[in-house]
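I have placed the structure first, in the form of structure tokens, so that the comments after it can refer back to it.
The values are calculated or read from the model by the stated rules, or taken from the named source; none is laboratory data. Computed from a predicted structure; not experimentally measured. Cβ placement follows ideal geometry from the backbone for every residue including glycine, while neighbour counts extend to all protein chains displayed.
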Amino acid sequence: MLGLIKLIFGLVLDLIRSRAALEAEVLVLRHQIIVLRRGRVGRLPFSAVDRSILVWVCSLFPNTSDALAIIRPETVMRWHRAGFRSYWRWKSRRRPGRPAVLDEIRQLIRDMSIANPLWGAPRIHGELLKLGIDVGQTSVAKYMARRKGPPSQGWKTFLHNHADGIAAMDLFVVPTVSFRLLYGLLIMGHSRRRILWLAVTAHPTAEWLANQLTQAFAWERTLDHLIRDRDACYGSLFVRRVQSLGIRDHPTSPRSPWQNGYAERLIGSIRRECLDHVVVFGEQHLRHLLLSYMDYYNTIRTHLSLSKDAPILRPVHGVGRIQQRPVLGGLHHQYVRI
């Protein structure tokens, strides 16, 4: 009797339901019959298509879950969550990586690293960009020749304002083959890390330093601020010469070489890339080495802080055959297209 009442009540409700809802309920009932007619003993054989149909229909018409007879609505919801996870696992699958590096470019990277043992991946990457070869810096590090040694280090600047009018100067000591000490004078601009002046002497007096500053900036008024340390050789004569040229003198604090970090870093580069690998015979020889390095540093050498460019803008060449030219007797090389 109770079943008959439910049947009559269901017929009345069907009269007011939409046709789409009725068709969805009929689809669910028919598909359940299809599953039952497969006639397998034990657990009902639901395939992936069966689960997809039932989940799709029950998602569009939630009321059709009342027509589920051979499974529970919770089972359909569990199928739906499993399908959701599978879909996003497929969406998040690993895509193909970066394009492969050509064999000739790999060999070029290896040749550069062997011919220039002082270069790291950033320097080689900068040379490749100047040759019109667009590869990632990580790929350059991957295909470099393996060798023992410290990694290439970077340098963070501490002066940002008025860089065009700021220069730094410093002295460094160079021993000769006869254990005589020579002094090199370095003046560099902060704007593009350009070496403005290099000089050599055996006796760095205040008068000599003042004359070098005059020769460097007397005819071209491009300097507003000068950063230097508190070495005793910068005497009163040098200070008066700086003031007469209209330059503001900024001596660093005692025992604070980091305040003149650009010059200290450049002196370290000169030593690591040039002076540590040659024997200096005398003052004339040292002057020739420093001037050769200044030309290489300003026009050829790429820099991290300049977006892999040289202090004097270096054009990019993308057409022609790549050829290497020795610099500083083969200690470094320049790569050009001819």
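Residues of region 198-225 being in contact with a helix residue (DSSP H, G or I) (Cβ under 6 Å, 6 or more places away or on another chain), over 24 Å from Leu181 (Cα atoms) and hydrophobic (A, V, I, L, M, F, W, C), which ones?
Leu223
May I ask you to list pairs of residues, at least six apart or on different chains, whose Cβ atoms are under 6 Å apart, with the first in region 277-292 being over 19 Å from Ile195 (Cα atoms) and the second being surrounded by fewer than 16 Cβ atoms within 10 Å (Cβ to Cβ)?
Note: pairs meeting the criteria are Val279/Val177; Phe281/Val177.
Rundown of residues vs (1) under 27 Å from Pro175 (Cβ atoms); (2) polar (S, T, N, Q), yes/no style:
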{"position": "Trp197", "(1), (2)": "yes, no"}
{"position": "Phe217", "(1), (2)": "no, no"}
{"position": "Tyr234", "(1), (2)": "yes, no"}
{"position": "Val242", "(1), (2)": "no, no"}
{"position": "Glu273", "(1), (2)": "yes, no"}
{"position": "Asn298", "(1), (2)": "yes, yes"}
{"position": "Arg301", "(1), (2)": "yes, no"}
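Out of (1) outside any loop (DSSP other than H, G, I, E, B); (2) within 21 Å of Met294 (Cα to Cα); (3) out of contact with any Ser or Thr (no Cβ under 9 Å at 6 or more places or on another chain), the odd one out for Leu223 is which?
With (1) outside any loop (DSSP other than H, G, I, E, B); (2) within 21 Å of Met294 (Cα to Cα); (3) out of contact with any Ser or Thr (no Cβ under 9 Å at 6 or more places or on another chain) applied to Leu223, the lone miss is (1).
Out of all the residues in region 322-335, which are part of a loop (DSSP other than H, G, I, E, B) and either aliphatic (A, V, I, L, M) or crowded, with 17+ Cβ neighbours inside 10 Å (or both)? First the steps, then the outcome.
If we filter region 322-335 for residues that are part of a loop (DSSP other than H, G, I, E, B), which is where we start, we get 328-331.
Of everything in region 322-335, those that are part of a loop (DSSP other than H, G, I, E, B) and either aliphatic (A, V, I, L, M) or crowded, with 17+ Cβ neighbours inside 10 Å (or both) turn out to be Leu328, Leu331.
If you scan region 309-321, which residues turn out to be touching a residue at least 40 places away in the same chain (Cβ under 8 Å), in contact with a strand residue (DSSP E or B) (Cβ under 9 Å, 6 or more places away or on another chain) and surrounded by 16 or more Cβ atoms within 10 Å (Cβ to Cβ)?
Within region 309-321, Asp309, Pro311 meet the criteria.
Could you please find all residues in region 294-308 being among the aromatic types (Phe, Trp, Tyr) and free of Cβ contacts under 8 Å to residues at least 40 places away in the same chain?
Correct list: Tyr296 only.
Go through the residues of region 298-310 one by one and say whether even a single one is outside any helix (DSSP H, G or I) and hydrophobic (A, V, I, L, M, F, W, C).
Within region 298-310 (the criterion being outside any helix (DSSP H, G or I) and hydrophobic (A, V, I, L, M, F, W, C)), the answer is yes, since at least one residue qualifies.
Given the conditions (1) touching a strand residue (DSSP E or B) at 6+ places or on another chain (Cβ under 9 Å); (2) part of a loop (DSSP other than H, G, I, E, B), and given that Asp295 satisfies all but one, which numbered condition is not satisfied?
Failed condition: (2).
Need pairs with beta-carbon distance below 6 Å; first residue closer than 10 Å to Arg51 by Cα and within region 78-91, second not polar (S, T, N, Q); sequence gap 6+ or separate chains.
Trp79/Arg51; Trp79/Val55; His80/Val55
Quick one: Ile195 ticks every box in (1) modelled with pLDDT of 90 or more; (2) more than 18 Å from Asp295 (Cβ to Cβ); (3) buried (at least 19 other Cβ atoms within 10 Å of the Cβ); (4) in contact with a Phe, Trp or Tyr (Cβ under 6 Å, 6 or more places away or on another chain) except a single one, so which number is it?
In the conditions (1) modelled with pLDDT of 90 or more; (2) more than 18 Å from Asp295 (Cβ to Cβ); (3) buried (at least 19 other Cβ atoms within 10 Å of the Cβ); (4) in contact with a Phe, Trp or Tyr (Cβ under 6 Å, 6 or more places away or on another chain), Ile195 misses (2) alone.
Among the candidates His203, His303, His250, single out the residue that is under 30 Å from Glu127 (Cα atoms) and either of a type outside the set (Lys, Arg) or not assigned by TED's automatic domain parsing to the domain that holds His332 (or both).
Being under 30 Å from Glu127 (Cα atoms) and either of a type outside the set (Lys, Arg) or not assigned by TED's automatic domain parsing to the domain that holds His332 (or both) holds for just one of His203, His303, His250, which is His303.
Examine region 313-329 for a residue that is in contact with a Phe, Trp or Tyr (Cβ under 6 Å, 6 or more places away or on another chain), at pLDDT 90 or above, farther than 20 Å from Leu129 by Cβ and not basic (Lys, Arg), and state whether such a residue exists.
no
Could you go through region 316-330 and let me know if any residue there is within 12 Å of Glu127 (Cα to Cα) and among the charged types (D, E, K, R).
no
Can Ser305 be described as surrounded by fewer than 17 Cβ atoms within 10 Å (Cβ to Cβ) and at pLDDT below 90?
Here the answer is yes, as Ser305 does meet what is asked.
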